[in-house]
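Derivation of every value follows stated rules applied to the coordinates shown; laboratory data play no part. What you see is a predicted model; the values in this text were computed from it and never measured. Counting neighbours? That spans all protein chains shown, and the Cβs are built from the backbone with ideal geometry, glycine included.
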């Protein structure tokens, strides 16, 4: 039994105190009426106040016996002979002509707790709290609220991931660099790490976790911790890097049981020797270029998380860097992004930009703007990231 005023009808405004994750948040303006009120009276109220979305019907014992949407009653009355047949009858008689499946649920219940109960139904729901009616709702409104909750969760995940990424890219005394990262959703699976590990060496990492959104962002958080630990070592030999890659591979396999994998390029840059050791684990090719030539270094290894690895199976390329050489790393989203005609951006377009400018600021700015303008009218299906760097003079 619920508490109602001693009169035939009254309206209820949505209560603002409910947080978004509770059912009460979805309540809409409702009209509570006694079952014996004449239908024409109810219709007149609805015509005067078109913000009333639901009608909650109670009996003489103050028990809720039904809940209908206002538009369904108005549709019935406005149908052929509808007013003649039902206008002068009590609302409880008319209610029997309208689908009347309904629930009474406490407004403090989490929205997620009732989703399975209302799935694929057209049930109307009266919301109560401490014996009082707080309005009504339906599955459509609840699903909209649930999507809003998911979107807010996704935005918060994206915000936290941006904090992680921004704290994974450090100032460097060894390389000059620019980077760009744009997830297709609020959070994504692309990851960048840049840090000096001693006075002559720096590591640059770009990776792409399979999948998108929150599930991929969980693994990028793991990568941030992983590479922070690596960078705390004062010296990284080739054997030591391979040991770290094997440990990461074993962890991903153990945790995700071959359901997730990571493509990754790790570059160990030595400014004194003017060399770069490239460990490409199933990732996009690495471009080493200047105004006169572009060289591609393709992957020699499996992605992380695909199969067990050993030091013998991990291959690296040690490359001598020319004075004016620059290195470009990117994820597949940069070449696979499409325009509104379905054409991919492609490697040739990237190569044309890399060979057109000598200054990394110009390359960065032009490529970023070109990628965005190329796909601005089309939904971005994948995360887009790239890093361009060179040795400091």
Q. So what is the 222 nm mean residue ellipticity for the chain from helices alone, if each DSSP H run of at least 4 adds -39500 (n - 2.57) and you divide by all residues, rounding to the nearest 500 deg cm²/dmol?
A. -10000 deg cm²/dmol
Q) What length, rounded to one decimal in nm, is gained on full extension from residue 320 through to residue 355, with 0.36 nm per residue of separation minus their alpha-carbon distance? A) 10.7 nm
Q: Take the chain, connect every pair of alpha-carbon atoms lying under 10 Å apart with a spring to form a Gaussian network, then pick out the residue of 250, 339, 234 with the largest mean-square fluctuation.
A: 234
**Q.** Spin-label proximity, residue 121 to region 136-167 - amide N less than 20 Å from point 7 Å beyond Cα toward beta carbon
**A.** 136-147
Q. When a footprinting reagent is the concern and you count Cβ atoms within 10 Å, what order do 18, 227 take, fewest first?
A. 18, 227
Q) Hey, what angle do you get for helix 360-375 against the long axis of the chain, alpha-carbon based, 0 to 90 degrees rounded to 10? A) 30
Q | Protection proxy ranking of 382-393, 60-71 - average other beta-carbon atoms within 10 Å, highest first | A | 382-393, 60-71
Q) Measuring from label point to label point, each 7 Å out along Cα→Cβ, what is the residue 290 to residue 338 span in nm? A) 4.0
Q.
Per-residue counts of other Cβ atoms within 10 Å, averaged by peptide: what ranking do you get for 128-141, 151-164, highest first?
A. 128-141, 151-164
Q | Within a Gaussian network of the chain (alpha carbon springs, distance under 10 Å), most fluctuating of 222, 281, 264 | A | 222
Q) When 58, 204 are ordered from fewest to most other Cβ atoms inside 10 Å of their Cβ, what list results? A) 58, 204
Q | Calculated FRET efficiency for the pair residue 164/residue 237, C-beta based, R₀ 35 Å, to 0.05 | A | 0.80
**Q.** Per-peptide average of other Cβ atoms within 10 Å, ordering 184-191, 306-313 highest first
**A.** 184-191, 306-313
